[in-house]
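Written out below as structure tokens is the structure these notes cover.
The values are calculated or read from the model by the stated rules, or taken from the named source; none is laboratory data. If you're wondering where the values come from, they're calculated on a predicted model, not measured in any experiment. Virtual Cβ from ideal backbone geometry, glycine too; neighbours counted across all protein chains shown.
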Amino acid sequence: MSHAVELRGIVKRFGTFVANDCVDLVVKAGEIHAIVGENGAGKTTLMNVLFGLLQPDGGEILIDGKPIVVANPRAAIAAGLGMVHQHFKLVPSLTVAENVFLGMERGRAGFVDHKAQIAETERLSRDFGLKVDPTEQVGLLSVGIEQRIEILKVLARGARIIILDEPTAVLTPQESRELFQTLRGFVAQGMTVIFITHHLEEVMAVSDTVTVLRLGRKVDTRPTADVTKNDLVQMMVGRSVSFDRRQREPSTGGTVLSVKDLWCRDDRGLPAVRGVSFDVRAGEVVGIAGVAGNGQTELAEVLSGLRPASHGTFRIHGEDLTAASPRRIRDTGVAHVPGDRVVRGVDRQSSIAANILMGRQDTPPWARGSLIDWAVVRERSSEMMERFDVRASGPDALVKSLSGGNMQKVVLAREFSHDADFLLVDQPTRGVDIGATESIHNEIMRQRADGRAILLISVQLDELIALADRILVMFNGLIMGELPGDSVSEEALGLLMAGVQTGPDRAAVA
Amino acid sequence: MSETLRPVIGQAIAIFIALALGTVVIMVVGESPILVFATLLEGAFGSTERIAGTLLQTTPILVCGIAACISFRGGLFNIGVEGQLFMGGFAAVIVGIYLPLPAGLHMLVGILVAMLAGMAWIAIPAFFRARYNANEVVSTILSNYVAVLLTSYFTIFLFKRPGGWSETAPILPSAYLPELFSFSRLNWGLIIGLALAVAVQLYFRHTSRGYSVSIMGQNLKFAEYGGVDIKRHIFLVLLASGAVGGLAGGIEALGVHHRFMEGFAPGFGFDGVIAALLANGNPIGTIGAALFFGALRSGSLLLEVDTNASREIITVIQALIILSVSAQILMRRRGDSTAAERRWKF
């Protein structure tokens, strides 16, 4: 079989961040090729490079065996590529046919030939089994139909190789099944489909071949029939799981956090957390494992008051905080190390001292009355920088001048010094070097020994195995099961993370 | 390059480019750029009286600039300072005419009412911004037109002084903001403006709330996460900004015109917003920027007398400055990866 697309050694950097690190990809003509990986693995970047939306810093692109330079999307379209983006780009006030032909209107003598456009849209719709009414106004249609229109747009431009970026993210299960049928139809007509996803069941359901990306690199490309979901999980999160567990005393404290049947929606309004219940006791580290994007971040946001719960409750020391503000939750004794430190965890433009001040700007001795005592802030910040090993010129250094690891230590210094009973720790060592990871892990265990209740959310299994007393596995917004930290097996974790339930503690699926 | 110096140098380059382009425009209309700039300088700083005249023009621009600075610091964009100035000025005049009080107290009440009027005028945009995230740029711009036309209507149809001009009766002398010198209308407004600039700067640096607002302006999500009540602070910041806009109107009314009329304070609000932009939201820097715009305005008066160049040349130069400053700010934003997190919209 010939190669529809071949990428050789694609490198794409954003500043110092390497989004694609020498990625090779071969897509055979007439196959459905799934690209999987966690959020931030570089899937979308790679496809944007292929489609000419981004220019690679290195590497080659071959279409149908011929090397080409994809300078812009127009060049990509000319080469027979088409891309359906995650976020649709339709004009709601125009009709289906007008949207399909937007920018390449069929016309005569400067006038748009609506009849021809409608007829051609109907033909495409019939040939490819994408049912639409060409005369309907797009603004009135559902998301699933909007996606069909996006696909029709691509087909109308003569695409033979179709790229879909997380096409099912916005679809209902029925719509997803219909989409898969359509994709099958495409390859039956000799076309090639590349689709990005992080849902493994979709990979298994529809793809012929699967490529796994991890941290900007290709892990492997395999025929889908030869891999299991569990294999894919291992590839996505990394195989080298170490089982170096930290020594600990058993925990004996009372319940600090109690979550009951908690639900919430994500930014698109779709259910992200779907009825989770668990407790965290004092002096205990409860880990939450899962492939990124299965509701962990949203759960953390609800527990810190940054996202409203749609159902259920959570209590800290028995106090119901489900609808409380971030301020009140903090005052009750919650510290939060957020998953995305650059967005939420720090203000990069401010000094270390100003970052450490956040959350205590009204509290003595940091402030006297309504005046901030900057001398105290600096002094305390210096002490914390020493204790948490933040390497910088001093408390007045701007946070944006720090490395990722030192930035994270500033966040930990601030949050762990709040004397909170409950620590919500989300991805504490993401993007942090090994030395800093070690000291961050030590600090978490010290907090545990001091009797804090700790919820540790991480996509790194070795981190959870090293630190957690119990591990809850989240999949698709549900807790699939609980594993004891001291006798967890990689297989059991992997199966639960892939959404396969085992054993007697099988939770009810909504 | 030091972090504090970089924006200053950027701004200086922006002004330089604008003046260079202005030179081209002046040559195109057939004037000598050297003569025009020399006349501008002469008109702005040529004598004690002219310096006082420049400071008189600087005062409202400065106070309006501080109003804009306050909103910028919170990551908000109050572009309705002009409208708040008109409402404040009008309210102060009404107090000045109809509420006889002892001298001094009368003036203070007038100033206070002017601030309340400015605050009231921004209250609706502020509420919708805080509660429903309605873009304050649009709503405050629109509120400008309403304010200018509404006060004009009141002046002409309800409070017009008998006689030719579209203006109200003069206010009582007890409400006058005292003048600083006998030879100029320059008044205590300048001192108020300077003191306010220092006070606002200190407030943002040294108070808890000032800190919360500054952080909110730089990284909203971080402030929210840290427990700052975002909605409340957005509302309060805009109210404070509106109050200072109203204050600018009160100063103009009680210190300079002693009455309200159509075209009461043309463009001071907008100049103030630009001055604040030029100063990157720093109140102290706004003093310098306001002086620059004040000098352009007062220098342009002599320009019409002594040369064939029209005063509109100054408007052109100002527009060029706005253009190059915005371009410069946008380029700086692009260089900073977290710029997308900031909510300043241009």
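Points to keep in mind about this one:
- Selection of the range A:148-175 for residues being touching an Asp or Glu at 6+ places or on another chain (Cβ under 8 Å) and among the polar types (S, T, N, Q) yields only A:Thr168.
- Qualifying residue in the range A:185-195 (condition: at pLDDT 90 or above, buried (at least 22 other Cβ atoms within 10 Å of the Cβ), more than 21 Å from A:His114 (Cβ to Cβ) and in contact with a Pro (Cβ under 8 Å, 6 or more places away or on another chain)): yes
- Failed condition for A:Ala4, given (1) within 26 Å of the chain's Cα centre (by Cα); (2) within 18 Å of A:Thr221 (Cβ to Cβ); (3) crowded, with 19+ Cβ neighbours inside 10 Å: (1)
- Hey, A:Leu299 crowded, with 18+ Cβ neighbours inside 10 Å and within 14 Å of chain B (Cβ to nearest Cβ) or not: no
- Failed criterion for A:Leu270 (all others in (1) surrounded by 24 or more Cβ atoms within 10 Å (Cβ to Cβ); (2) farther than 18 Å from A:Leu467 by Cα; (3) under 26 Å from the mean Cα position of the chain (by Cα); (4) away from chain B (no Cβ under 14 Å) hold): (1)
- Residue within the range A:168-184 that is touching a residue at least 40 places away in the same chain (Cβ under 8 Å), within 14 Å of A:Gln86 (Cβ to Cβ) and not in a helix (DSSP H, G or I) present: yes
- Failed item, numbered, when A:Val285 is tested on (1) within 14 Å of chain B (Cβ to nearest Cβ); (2) touching a Leu at 6+ places or on another chain (Cβ under 6 Å); (3) not in a helix (DSSP H, G or I): (1)
- The residues of the range B:200-249 include none that are more than 14 Å from every other protein chain (Cβ to nearest Cβ), surrounded by 22 or more Cβ atoms within 10 Å (Cβ to Cβ) and among the aromatic types (Phe, Trp, Tyr).
- Every residue from the range A:303-321 that is of a type outside the set (D, E, K, R), closer than 17 Å to B:Gly227 by Cβ and either touching a residue at least 60 places away in the same chain (Cβ under 8 Å) or assigned to a strand (DSSP E or B) (or both): A:Leu303, A:Ser304, A:Ile316
- Test for A:Leu164: is it among the aliphatic types (A, V, I, L, M), within 22 Å of A:Gly269 (Cβ to Cβ) and modelled with pLDDT of 90 or more: yes
- B:Ile156 away from chain A (no Cβ under 14 Å), without any contact (Cβ under 8 Å) to a residue 12 or more places away in the chain, surrounded by fewer than 21 Cβ atoms within 10 Å (Cβ to Cβ) and in a helix (DSSP H, G or I): no
- Only residues that are among the basic types (Lys, Arg) and more than 11 Å from chain B (Cβ to nearest Cβ) were counted across the range A:314-341, and they come to 1.
- Remark: A:Lys400 matches the filter, which requires a residue to be part of a helix (DSSP H, G or I), at the interface with another protein chain (Cβ under 10 Å from one of its Cβ atoms), on the phi < 0 side of the Ramachandran plot and of a type outside the set (Phe, Trp, Tyr).
- Scanning the range B:289-322 for residues that are closer than 23 Å to B:Ser47 by Cα, among the small types (Gly, Ala, Ser) and surrounded by fewer than 17 Cβ atoms within 10 Å (Cβ to Cβ) yields one hit, B:Ser310.
- Wholly enclosed strands (runs of 3 or more DSSP E) of the range A:49-151 bearing at least 1 residues at pLDDT 90 or above and under 30 Å from the mean Cα position of the chain (by Cα): A:58-63, A:81-84
- Answer residue from the range A:42-96, given it is of a type in the set (S, T, N, Q) and closer than 18 Å to A:Gly216 by Cβ and is surrounded by the fewest Cβ atoms within 10 Å (Cβ to Cβ) among those: A:Gln55
- If the condition is being assigned to a loop (DSSP other than H, G, I, E, B) and either of a type in the set (Gly, Ala, Ser) or modelled with pLDDT of 90 or more (or both), then the range A:457-486 contributes A:Ser458, A:Ala468, A:Asp469, A:Gly477.
- Cross-chain or 6+ apart pairs with Cβ under 6 Å, the range B:159-172 first and within 26 Å of B:Leu108 (Cα to Cα), then surrounded by 17 or more Cβ atoms within 10 Å (Cβ to Cβ) and among the acidic types (Asp, Glu): B:Arg161/B:Glu167
Residue by residue, here is whether (1) at the interface with another protein chain (Cβ under 10 Å from one of its Cβ atoms); (2) over 21 Å from A:Glu438 (Cβ atoms) holds:
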| position | (1), (2) |
| --- | --- |
| A:Val343 | yes, yes |
| A:Ile356 | no, yes |
| A:Arg380 | no, yes |
| A:Asp389 | no, no |
| A:Met407 | no, no |
| A:Ala413 | no, no |
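- Extreme residue, farthest from the other protein chains (Cβ to nearest Cβ), among residues of the range A:345-354 that are over 22 Å from the mean Cα position of the chain (by Cα) and hydrophobic (A, V, I, L, M, F, W, C): A:Ile352
- Any pair with Cβ under 9 angstrom, 6 or more apart, that starts in the range A:185-201 at a residue that is outside the structural domain of A:Thr44 (by TED's automatic domain parsing) and ends at one that is exposed (fewer than 14 other Cβ atoms within 10 Å of the Cβ) and modelled with pLDDT under 90: none
- The one condition in (1) in contact (Cβ under 8 Å) with a residue 12 or more places away in the chain; (2) aliphatic (A, V, I, L, M); (3) closer than 29 Å to A:Val343 by Cβ; (4) part of a helix (DSSP H, G or I) that B:Ala223 fails to fulfil: (1)
- Selection status of B:Leu196, farther than 29 Å from A:Ile329 by Cβ and touching a strand residue (DSSP E or B) at 6+ places or on another chain (Cβ under 8 Å): no
Residues checked against (1) in contact with a Leu (Cβ under 7 Å, 6 or more places away or on another chain); (2) under 24 Å from A:Glu438 (Cβ atoms); (3) at pLDDT 95 or above:
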| site | (1), (2), (3) |
| --- | --- |
| A:Met236 | no, no, no |
| A:Arg245 | no, yes, no |
| A:Thr252 | no, no, no |
| A:Ser258 | no, no, yes |
| A:Arg265 | no, no, no |
| A:Arg268 | no, no, no |
| A:Pro271 | no, no, no |
| A:Val276 | yes, no, yes |
| A:Val291 | no, no, no |
